[in-house]
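The values are calculated or read from the model by the stated rules, or taken from the named source; none is laboratory data. Every value quoted in this text rests on a predicted model; they were computed, and no experiment measured them. Backbone-built Cβ (ideal geometry, glycine too); neighbour counts: all protein chains shown.
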Amino acid sequence: MSAGIGEKIVVSVRHAAPNTKIKEGQTVRAIIIRTKKEKRRKDGFVIKFFDNSVVLIDNNGEIIGTRVFGVIPREIRASNMKIISLAEEVS
């Protein structure tokens, strides 16, 4: 199975920062915000990123973190506007 930008998935945390409420090995929900696999937009542009990245969310769909690093694609706008407000740049 595969998932694309803006889809909700369940992930296992590999690395966690010390002294946070998320611990290594914990299973949490997430929204995909960047993928290495290219995606064609309706207007013909193709977008792809250098890394795969997600934003962790709780069971209610609220973002767990307080900051989002890197570029966020416009496709996220449909799934969660709060991610857009925390982003540095939207492409």
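Odds and ends about this structure:
- Flag if Phe69 is at pLDDT 90 or above, among the aromatic types (Phe, Trp, Tyr) and assigned to a loop (DSSP other than H, G, I, E, B): no
- Figure legend. Inter-residue proximity from segment 9-22: first residues closer than 14 Å to Asp58 by Cβ and in a loop (DSSP other than H, G, I, E, B), second residues of a type in the set (S, T, N, Q) and at pLDDT 90 or above, beta-carbon distance below 6 Å, spacing 6+ or different chains. Indicated pairs: Val13/Gln26.
- Index of the failed condition, Ser79 passing every other in (1) loosely packed, with under 10 Cβ neighbours inside 10 Å; (2) touching a strand residue (DSSP E or B) at 6+ places or on another chain (Cβ under 7 Å); (3) of a type in the set (Gly, Ala, Ser); (4) modelled with pLDDT under 90: (1)
- Condition check for Thr35: within 14 Å of the chain's Cα centre (by Cα), on the phi < 0 side of the Ramachandran plot and of a type in the set (Ser, Thr, Tyr): yes
- Failed item, numbered, when Gly25 is tested on (1) surrounded by fewer than 10 Cβ atoms within 10 Å (Cβ to Cβ); (2) touching a strand residue (DSSP E or B) at 6+ places or on another chain (Cβ under 6 Å): (2)
- Residue within segment 51-67 that is exposed (fewer than 13 other Cβ atoms within 10 Å of the Cβ) and either touching a residue at least 60 places away in the same chain (Cβ under 8 Å) or small (Gly, Ala, Ser) (or both) present: yes
- Segment 72-91, residues that are part of a loop (DSSP other than H, G, I, E, B) and either of a type in the set (Gly, Ala, Ser) or over 11 Å from the mean Cα position of the chain (by Cα) (or both): Ser79, Ala87, Glu88, Ser91
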